[in-house]
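Right, one structure below, let's go through it.
The values are calculated or read from the model by the stated rules, or taken from the named source; none is laboratory data. Just so it is clear, the structure is predicted and the values come from calculations on it, not from any experiment. Here Cβ is always computed from backbone atoms with ideal geometry, including for glycine, and neighbour counts include all displayed protein chains. Please note that ligands, DNA and RNA were not included when accessible areas were found on the heavy atoms of the full protein model with its side chains. Shrake-Rupley method; radii C 1.70, N 1.55, O 1.52, S 1.80 Å.
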Amino acid sequence: MNINRRSFLLGSAAATALAGCGTTKMGLRPLQPGQKRRIAMIGYGIQMRTALVPQFLGNTSLSKKVRDMVEIVAVCDCDRVRAAAGAKQVNDAYKTNNCKAVADFRDILKDPTIDMVCIATPDHWHAYMCVEAMKHGKDVYCEKPLTFSVEEAKKVIAAQKKYGRVFQVGSMQRSWSKLSEFWVACMIVRNGLIGDVKYVDANFGIGGKKLGGPSHPIRFFNDPVNAAKEGAPNPDVDWNMWLGPAKWRPYSDQLAPRGVNHFYPMFWRFDDDIGTGYNGDWGAHHLDIAQWGLDMDRSGPYKIIRSDEPYSTDLYHGARRQYGMKMLFKKPYGDVELYHGPFGTWGTVFYGTDGIVAVNRGKIAVWQGTGLVKPTAEVRKALQDATFMKDKIVAESVGKDYGTDAIVKTDNRLAKALDKLMSYYKLNDAKVQLYRSENQVQNFVECVESRKLPVSDAETGARSGVLCVLCNMSYQYDTGFDWDGDNLELVGRNEKGLSFKRDVYRNGWDIVV
């Protein structure tokens, strides 16, 4: 399949605003007066329980409109305890008994009265469920990273184009708040206000420690000593369904925590056959912001460069390097080099020929008049410590992430910094105006009614997900390679045997567009 940016409804320039192009080829289910759109939630883990269900209930300050437009009618999970807990959460909120617990997602897809699905399963299920939901005429909200492989990304893009459904990816940093630090950062970059961007840092993963950047070779248990306990039978889960297309292995409560867990289960995310490590976790956020700032929502890098950092000595890592790979993007003014570094103060940093923009959740700093600064180890350390070129800072707010630092919320440091940047750069009158969304869920629901493209549509989310996959593959295979960012294809011979698709979809869970 040839995926070319010119073949889609919107090019990168048109995609910067809420486009008026219709996206549906199947009409919406007609509603009676006062009736709401019906949505089913698939995959009841901690992200669904604590973030998505409350937003689709309209219980958050930025998703209040949703409660008047949507009704959650089902919660689906192949663990019956989780499914029942999800239905109870919804019914308690609505003070009804209308939301049902469902074990098999195919029952959701076959229900013609369900208009939308929200998918928050482990990554290896995303593409199949998304494609099948669109084939069944349902609009889709799917958590990031959108797909497990490059081939899956291409199929989701093709399915959205073929079936014309409204599709939103949970890249929530694009809809962070009324005045988002990420939107402001990308507005400054996209309008050329720090000159031509030559370098970008995307920081995620803890270098050299157990949870580094890339995924790990497949293993069944966290520690062989705990195998009997972690693998004890769990009659509440349909384990065959949980694995789905992934390779068979014994049940492990590290992969599928028993009952309703109160932590983010990272074990499956670091399994080569199910996830892509921190690349697909935090990388899906910070690489997405890099892609947005570079105006690459309809393209990608042309070269992947192998890391030259030391190999990990942690046995669980399979001797893989943990960070340091690079990607090269081609711009009219020359190459842009993106570097993957470990966690730090900043999630994404743009280095221009006349300034620097650094951003993370609850944090932003902009330097102007610096000239081109090459990001050496010393420069990166100074930026992380917020000691770099103090006399060149236009505005800064360096607090902790939202939800962990009450000071950020109470003394308005971030709001003041953003207001100053808006005024200093006259962003409201800037030539390039990026898509502005206050809430990812509300944006999706509104687009379901308007049939406009949401802020993170299928192709945008798929291409961000491909960056995560390419990053992970560079570590898995310890190599670099040439890449066709427009068509999502390898350039030249595949001498390293790189795999851009799942070799076998177990039990016939092949994705057919």
For residue 158, the lone unmet condition from (1) open to solvent by 10 Å² or more (accessible area, probe 1.4 Å); (2) touching a Phe, Trp or Tyr at 6+ places or on another chain (Cβ under 8 Å); (3) among the aliphatic types (A, V, I, L, M) is (2)
Being within 17 Å of residue 198 (Cα to Cα) and without any contact (Cβ under 8 Å) to a residue 60 or more places away in the chain is the filter here, so list the residues in the stretch 285-315 that pass it. none
For residue 333: the one exception among (1) in contact with a Ser or Thr (Cβ under 7 Å, 6 or more places away or on another chain); (2) among the aromatic types (Phe, Trp, Tyr); (3) open to solvent by 30 Å² or more (accessible area, probe 1.4 Å): (1)
Are there any helices (runs of 4 or more DSSP H) wholly within the stretch 195-293 with 2 or more residues that are among the small types (Gly, Ala, Ser) and within 23 Å of residue 128 (Cα to Cα), and if so which? 277-280, 283-293
Going through the stretch 300-325 one residue at a time, which ones are open to solvent by 60 Å² or more (accessible area, probe 1.4 Å) and assigned to a strand (DSSP E or B)? 303, 311
A careful count of residues in the stretch 22-71 that are closer than 14 Å to residue 87 by Cα and part of a loop (DSSP other than H, G, I, E, B) gives 3
Scanning the stretch 495-513 residue by residue, the ones that are assigned to a loop (DSSP other than H, G, I, E, B) and either open to solvent by less than 70 Å² (accessible area, probe 1.4 Å) or hydroxyl-bearing (Ser, Thr, Tyr) (or both) total 9
What are the residues in the stretch 418-436 that are open to solvent by 10 Å² or more (accessible area, probe 1.4 Å) and touching an Asp or Glu at 6+ places or on another chain (Cβ under 9 Å), if any? 432
Does residue 65 meet the test of being modelled with pLDDT under 95 and out of contact with any His (no Cβ under 9 Å at 6 or more places or on another chain)? yes
If you take the residues in the stretch 212-246 that are under 30 Å from residue 202 (Cα atoms) and within 24 Å of the chain's Cα centre (by Cα), which one is most open to solvent (accessible area, probe 1.4 Å)? 218
Looking at the stretch 270-290, which of the residues that are surrounded by fewer than 22 Cβ atoms within 10 Å (Cβ to Cβ) and of a type outside the set (Phe, Trp, Tyr) is nearest to residue 122 (Cα to Cα)? 273
Residue 484 versus (1) touching a helix residue (DSSP H, G or I) at 6+ places or on another chain (Cβ under 9 Å); (2) in contact (Cβ under 8 Å) with a residue 40 or more places away in the chain: which is the lone unmet condition? (1)
Test residue 178 against the criterion of being part of a loop (DSSP other than H, G, I, E, B), modelled with pLDDT under 95 and under 18 Å from residue 308 (Cα atoms), and give yes or no. no
Looking at residue 353, is it closer than 19 Å to residue 195 by Cα and buried (at least 17 other Cβ atoms within 10 Å of the Cβ)? no
Could you look through the stretch 161-173, keep only residues that are under 10 Å from the mean Cα position of the chain (by Cα) and either assigned to a helix (DSSP H, G or I) or of a type in the set (Asp, Glu) (or both), and pick out the one that is surrounded by the fewest Cβ atoms within 10 Å (Cβ to Cβ)? 172
